Amino acid sequence: MAYFYDEPSRTFSEYLLLPNLTTKDCVPENVNLKTPIVRFKRGETSPLHLNIPLVSAIMQAVSGERMAIELARCGGLSFIYASQPIEAQAEMVKRVKSYKAGFVVSDSNLTPEHTLADVLALTAKTGHSTIAITDDGSPNGKLLGIVTSRDYRKGRTPVETKVKEFMTPFSEMVYGKDGLTLSEANDLIWEHKLNCLPIIDEEQRLKYLVFRKDYTAHKENPLELLDQHKRLMVGAGINTRDYHDRVPALVEAGADILCVDSSDGYSEWQFETIKTIKEKYRGEVKVGGGNVVDREAFLYLAEAGADFVKVGIGGGSICITREQKGIGRGQATAVIEVAKARDEYFDRTGIYIPICSDGGIVHDYHIVLALAMGADFVMLGRYFARFDESPTRKIRHGMNYVKEYWGEGSNRARNWARYDHRDGEHLTFEEGVDSYVPYAGKLKDNLDLTLAKIKSTMCNCGALTIPELQKKARLTLVSPLTLREGSAHDVILRKEAEHDFS
Ligand code: RVP
């Protein structure tokens, strides 16, 4: 006879946290959200961690290079989507790895033979007043001079004047050599009262420009997630089909961590994929597995060598797997059970395997619930899809803007490898929808607010770190009436009243 669970499976909205004693030192400024992302032994620390417990979903509509750069700058991590050709994915990873905060590739360049008219036209087009003068007018040509608005008088200097006649020539310029740190570049900027410092290589070819204002921005990102070479960290999705070719390309491109992207990770294909990668690279390449929703599946992937395990089936905002196939589990119950299995595995083996709650985060407080239930970090799709940095189009919808957001199991993404049934390279039926989400602006602005809420809740729970929250949290199930009590009730909201009265 089939096995029946005694309890229904639950989702985040069915739980609330109870406050614990808040001591005086328990204030948001003292909360540290650092969290492990790969397995480690008792008494040691994880070789990789996040500075904030959020990663962006392995999805075409979410994790491109722009998202990866901005999220890593804020302390989190993106997993570049796997549903694209290997070369294209590796190129995205490379571009994130070669990004240097504060070092920008010059986008306004001319040659000494151009004229002031060209300078004015370019300035009008780009909005930038600093123009690098190189031998071939390219961003990486030999640097011969620089032009800023201080070098000419608009309306006075004849527009046909050649750039070489009014530019600041290389011999009179202050510049930095490639390899300089941002802090050293900043010292030169201050010492010489510059607005912009060009960085050149040994052959005097222009590499980057460092602007004074960018250094200030860097200072505003103290949580930046960097590797040991001070490059931004980035993850990448893989599948169980072409991993023999995809993994070496991603490793070569510099990916810091991989994750098998599968809607159901409890399979021999996934076991084999993880085990092969761990053996081939002698544990050096970090790879997570999933998705799972129960103890057995977690232990199975733990045995394969997974560095972290992702939890969640059918809870994603764009996911219709439960409707289509009738598989899945309430996200809260899945996280609670897998976290227990993780702790049990740790007690037995001395190896801690972080778990990631993936999908179904609707409100910011759901993130704290997931962490309190034992998740070490959470993966979000819808949340990040709303921001400028997601790779999709922003479209006007009535008086508002929306961004496109589609599931990997939709016909639009055609990520057949994620919904692997080994019956060819196609999706037999959809498990995801194509949708829109309300546009919400810049990632950083939204993230700051979300993190402020997370920290504040943690203080209510008397926890300054995620492990402390996991240990101390007290959670209660809520009845539907308690839920109603939790939002504004039995009042006429001013906004609605004003609308009715007008
Ligand atoms: P959400 O944050 O609720 O939008 O969920 C994102 C998650 O949904 C992804 O990380 C992935 O696990 C899952 N997903 C992605 N595509 C689909 C689908 O088409 N069914 N589901």
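The values are calculated or read from the model by the stated rules, or taken from the named source; none is laboratory data. Keep in mind the model is a prediction, meaning the values are calculated, not measured. Every residue, glycine as well, gets a Cβ built from its backbone with ideal geometry; the counts of neighbours run over all protein chains shown. Accessible surface areas use protein heavy atoms only, side chains included; no ligands, DNA or RNA. Shrake-Rupley method; radii C 1.70, N 1.55, O 1.52, S 1.80 Å.
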TODO: Filter the stretch 470-502 down to residues that are among the small types (Gly, Ala, Ser) and open to solvent by less than 90 Å² (accessible area, probe 1.4 Å) and give me whichever is nearest to Asp376 (Cα to Cα).
DONE: Ala473
Task: Ala417, sole failed condition from (1) outside any helix (DSSP H, G or I); (2) of a type outside the set (Val, Ile, Thr); (3) away from the ligand (no atom under 11 Å from the Cβ) - done: (1)
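For the stretch 395-411, give me the residue count where each residue is more than 7 Å from the ligand (Cβ to nearest atom) and within 24 Å of the chain's Cα centre (by Cα).
Matching residues across the stretch 395-411 total 7.
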Task: Complete set of residues in the stretch 157-174 that are of a type in the set (S, T, N, Q), farther than 9 Å from Ile146 by Cα and either touching a Phe, Trp or Tyr at 6+ places or on another chain (Cβ under 9 Å) or open to solvent by less than 40 Å² (accessible area, probe 1.4 Å) (or both) - done: Thr157, Thr161
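Look at Met59 and say whether it is among the hydrophobic types (A, V, I, L, M, F, W, C), within 16 Å of the ligand (Cβ to nearest atom), in contact with a Ser or Thr (Cβ under 7 Å, 6 or more places away or on another chain) and open to solvent by less than 30 Å² (accessible area, probe 1.4 Å). Steps first, answer last, please.
Values: among the hydrophobic types (A, V, I, L, M, F, W, C): yes; within 16 Å of the ligand (Cβ to nearest atom): yes; in contact with a Ser or Thr (Cβ under 7 Å, 6 or more places away or on another chain): no; open to solvent by less than 30 Å² (accessible area, probe 1.4 Å): yes.
It is false that Met59 is among the hydrophobic types (A, V, I, L, M, F, W, C), within 16 Å of the ligand (Cβ to nearest atom), in contact with a Ser or Thr (Cβ under 7 Å, 6 or more places away or on another chain) and open to solvent by less than 30 Å² (accessible area, probe 1.4 Å).
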Task: Test for Leu143: is it without any contact (Cβ under 8 Å) to a residue 24 or more places away in the chain, outside any loop (DSSP other than H, G, I, E, B) and open to solvent by less than 40 Å² (accessible area, probe 1.4 Å) - done: no
Task: Checking Ala185 against (1) open to solvent by 50 Å² or more (accessible area, probe 1.4 Å); (2) touching a residue at least 24 places away in the same chain (Cβ under 8 Å), the condition it does not meet - done: (1)
TODO: Would you point out which residue out of Leu209, Leu258, Leu250 is part of a strand (DSSP E or B), more than 16 Å from the ligand (Cβ to nearest atom) and buried (at least 20 other Cβ atoms within 10 Å of the Cβ)?
DONE: Leu209
Open item on the list: Which condition from (1) in a helix (DSSP H, G or I); (2) under 21 Å from the mean Cα position of the chain (by Cα); (3) away from the ligand (no atom under 15 Å from the Cβ) is the one that Tyr345 breaks?
Closed with: (2)
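Taking the stated definitions as given, is Pro467 open to solvent by 50 Å² or more (accessible area, probe 1.4 Å), modelled with pLDDT of 95 or more and within 15 Å of the ligand (Cβ to nearest atom)? Spell out how you get there, then give the answer.
Numbers: open to solvent by 50 Å² or more (accessible area, probe 1.4 Å): yes; modelled with pLDDT of 95 or more: yes; within 15 Å of the ligand (Cβ to nearest atom): no.
Taking the combined requirement at face value, the residue does not satisfy it.
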Task: Test set (1) closer than 26 Å to Trp416 by Cβ; (2) among the basic types (Lys, Arg); (3) crowded, with 17+ Cβ neighbours inside 10 Å - Arg342 fails condition number - done: (1)
- [ ] Search the stretch 351-388 for residues being open to solvent by 10 Å² or more (accessible area, probe 1.4 Å) and in a strand (DSSP E or B), and hand back the single one that is farthest from the ligand (Cβ to nearest atom).
- [x] Ile351
- [ ] Output yes when any residue across the stretch 323-330 is aliphatic (A, V, I, L, M), within 16 Å of the ligand (Cβ to nearest atom) and open to solvent by 10 Å² or more (accessible area, probe 1.4 Å), and no when none is.
- [x] yes
Task: Counted residues, the stretch 291-309 - those being part of a loop (DSSP other than H, G, I, E, B) and within 15 Å of Ser9 (Cβ to Cβ) - done: 2
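Could you tell me whether any residue of the stretch 24-41 is on the phi > 0 side of the Ramachandran plot and open to solvent by 10 Å² or more (accessible area, probe 1.4 Å)? Give the derivation first.
The initial filter retains those residues of the stretch 24-41 that are on the phi > 0 side of the Ramachandran plot, namely none.
So far as the stretch 24-41 goes, no, none of its residues is on the phi > 0 side of the Ramachandran plot and open to solvent by 10 Å² or more (accessible area, probe 1.4 Å).
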